[in-house]
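Asker: This is the structure I want to talk about, given as structure tokens.
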Amino acid sequence: MKSKILAEAWVCRAMDRGLKAGIFRVGRLIGRKSDGVFQINPETNAYRLVKGILELGQMPEEFYRMLLEVTPVDQCARAVCSLMGQPGGAWYIVNPDEVSLGALLEDAGR
């Protein structure tokens with residue numbers, strides 16, 4: 001977290017001196033909306049939680065109702081591309097519609 005804050009501060013200072021740049025903060029990325037395909041190493045991200053629960057075959061009931069923000073990677077990429085060239089700033093690229101962990105697990109189990 002500290003390195004992200006420091007990096008953003010460097011970028012902001014450079015923008016103040018005329019650098020054309022932007023800061024994009026992305027949410028929890030999941031597979032493409034178009035076909036569900038994701039990265040080749042999903043064990044390095046939020047899919048670890050889903051995989052672990054699926055492998056265990058059980059989870060606490062309150063986890064089932066827990067809401068998560070998940071953003072399809074293709075929609076995130078489109079948003080970033082559409083913001084490129086805009087005056088410098090910081091943008092949060094997240095899905096405003098949260099999904100329950102239970103629903104996410106049901107989709108992943110298909």
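Asker: Note down all Cβ pairs under 8 Å where the first residue falls in the stretch 85-102 and is in contact (Cβ under 8 Å) with a residue 60 or more places away in the chain and more than 30 Å from residue 60 (Cα to Cα), the second is exposed (fewer than 15 other Cβ atoms within 10 Å of the Cβ) and acidic (Asp, Glu), and they're at least six residues apart or on different chains.
Answerer: 90/8
Asker: OK, next. I'd like the full set of residues that are surrounded by 11 or more Cβ atoms within 10 Å (Cβ to Cβ) and assigned to a loop (DSSP other than H, G, I, E, B), limited to the stretch 2-20.
Answerer: Hits for the stretch 2-20 are 19, 20.
Asker: So, in the stretch 80-97, of the ones that are farther than 23 Å from residue 9 by Cα and under 12 Å from the mean Cα position of the chain (by Cα), which residue ends up surrounded by the fewest Cβ atoms within 10 Å (Cβ to Cβ)?
Answerer: 96
Asker: Could you tell me whether residue 44 is of a type outside the set (Asp, Glu) and either modelled with pLDDT under 80 or open to solvent by 70 Å² or more (accessible area, probe 1.4 Å) (or both)?
Answerer: yes
The values are calculated or read from the model by the stated rules, or taken from the named source; none is laboratory data. What you are looking at is a predicted structure, and each value in this text was computed from that prediction instead of being measured. Cβ coordinates were reconstructed from backbone atoms using ideal geometry, including for glycine residues, and neighbour counts include every protein chain displayed. In case anyone asks, the SASA skips ligands and DNA or RNA and just uses the protein heavy atoms, side chains included. Shrake-Rupley method; radii C 1.70, N 1.55, O 1.52, S 1.80 Å.
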